[in-house]
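Everything on this sheet refers to the single structure shown next.
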Amino acid sequence: MEKTLAVVNAKIYPISSPPIEKGVLVFSGSKITAVGADIPVPPGAEVIDASGKVILPGLVDAHTHVGIWGEWYGQPEYDGNEGSNPVTPEVRAVDAVWPDHTAFFDARSGGVTCVQITPGSGNVIGGETVVVKTAGTIVDEMVLKNPAGLKAALGENPKGYYGRTLNKAPKTRMGIASILRSALYKAKDYMRKLEAGEKDPSKLPDTDLGMLNLIKVLKREIPLRVHAHRADDIVTAIRIAEEFEIDYSIEHCTDGISIAEFLGKKKARVNVGPSMWHRAKVETMNISVETPGVLAKAGCKVSIISDHPFHPIQFLSTAAAMAWANGMPEEEALKAVTLNPAETLGVADRVGSLEPGKDADFVIWTGHPFRIRSKVESVYIEGKKVFPE
């Protein structure tokens, strides 16, 4: 029989509905069964008194490199970029995720219970992304959605790595765009050959994993998630996405504040960040904590991201707090690290808000997460306490 618990007397932010003073959150096994102000505690349920505390859904980070980046482990654990070729749609982030990586503990300690793990941005096409919960020992058991997108990158990263370091294409932004287009056209041709092979098996082409993954993008089964900092790169990403009629999200969108009206008209999904970072390269010169609020006001679907390890994931709530302090309404700033990323990742049926039937992924805070003295007191994923351990 599944164990039932009730957390009582906390201020609850369901996100999908207004905050509840002295609320009650009931969960049985891995699922939420009730949330409200006057919810009776089921007979026999274990009761957790959270008087004076705040409960939020587990935070969702839509763009990280958790579990595949070397960090202090160094080069032996650097699995973020398959740099052997600028086009590697065949690789999958799930195959490189190390559940024992300390980044997962860092995530839990900051109240982050769900992340999208993406390949790095060294390649024009870097491979498939995966969405996982942040607790577990077997990555396959942590997966919430796989694949969740196909990573692509424009701008300085692929141009610098291949053009300057390896002295090969792409050396320019024109070259990057042409390589991306060529790969999508090749995938279209491959798709036509597969369709011909369905009628005549003798015409079936040899299996090409990269082309099969690109076909998922062309069929809008998964989005193209495009790393783009500078305004012109953002526009190029949208131009190519519209040319092929594919679904997309803009990753980082650092310069998006300068083209906010354009992005708003496109109803673009933008995963903004890291905003609390130094100006590491020319294309991040306009980095600003005001960007999430401006883009949200313009009509974009905004998610605030850590891009861990470039902004430590345990401080994702701090990035949202800074956006709130610089013009983003509180409700929007909270949604930007909960429900918005869950919707952008296609997992809002399970995470991102506190509602009956959703996963019991929630965080008990000592106070409002936007207040500097507030701490994560405890974290639950699918009804199990995962922090502190």
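Computed from the coordinates by the stated procedures, all read-outs in this text should not be read as laboratory data. Here the structure is a predicted model, which means the values were calculated and not measured. Reconstructed Cβ throughout: ideal geometry from the backbone, glycine too, with neighbour counts over all protein chains shown.
Some values worked out for this structure:
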{"read-out": "Separation in nanometres of the label points that stand 7 Å from Cα toward Cβ, at Glu195 and Glu261", "value": "4.0"}
{"read-out": "Neighbour-count ranking [beta-carbon atoms within 10 angstrom, fewest first] of Leu5, Leu204, Leu218, Leu263", "value": "Leu204, Leu218, Leu5, Leu263"}
{"read-out": "Neighbour-count order for His101, His278, fewest beta carbons within 10 angstrom listed first", "value": "His278, His101"}
{"read-out": "The chain - convex hull of alpha carbons, volume per residue in Å³", "value": "150"}
{"read-out": "Pairs from Lys216/Lys335; Lys22/Lys301; Lys193/Lys216; Lys53/Lys385; Lys151/Lys216; Lys151/Lys281 whose Cα-Cα separation, in the structure shown, is over 23 Å", "value": "Lys216/Lys335; Lys22/Lys301"}
{"read-out": "222 nm mean residue ellipticity, helices alone, for the chain (DSSP H n ≥ 4; -39,500 (n - 2.57); rounded to 500)", "value": "-7500 deg cm²/dmol"}
{"read-out": "Size of charge dipole - the stretch 59-351 - debye, nearest 20, with Cβ of Lys, Arg +1 and Asp, Glu -1, no other charges", "value": "840"}
{"read-out": "Evaluated at q = 0.13 Å⁻¹: base-10 log I(q)/I(0), Debye formula over Cα of the stretch 61-185", "value": "-0.53"}
{"read-out": "Overall Cα dimensions of the stretch 294-389 - principal axes, largest extent first, Å", "value": "38, 32, 25"}
{"read-out": "Relative contact order %, the chain, counting alpha carbon pairs below 8 Å whose residues are six or more apart", "value": "19"}
{"read-out": "Which of Cys253, Cys114 has the fewest Cβ neighbours within 10 Å, and the rest in rising order", "value": "Cys114, Cys253"}
{"read-out": "Amide N proximity, the stretch 203-229 versus Glu245 label position 7 Å along Cα-to-Cβ, cut-off under 11 Å", "value": "219-220"}
{"read-out": "Gain in span if fully extended, Lys188 to Glu221, counting 0.36 nm per residue against the direct Cα distance", "value": "10.4 nm"}
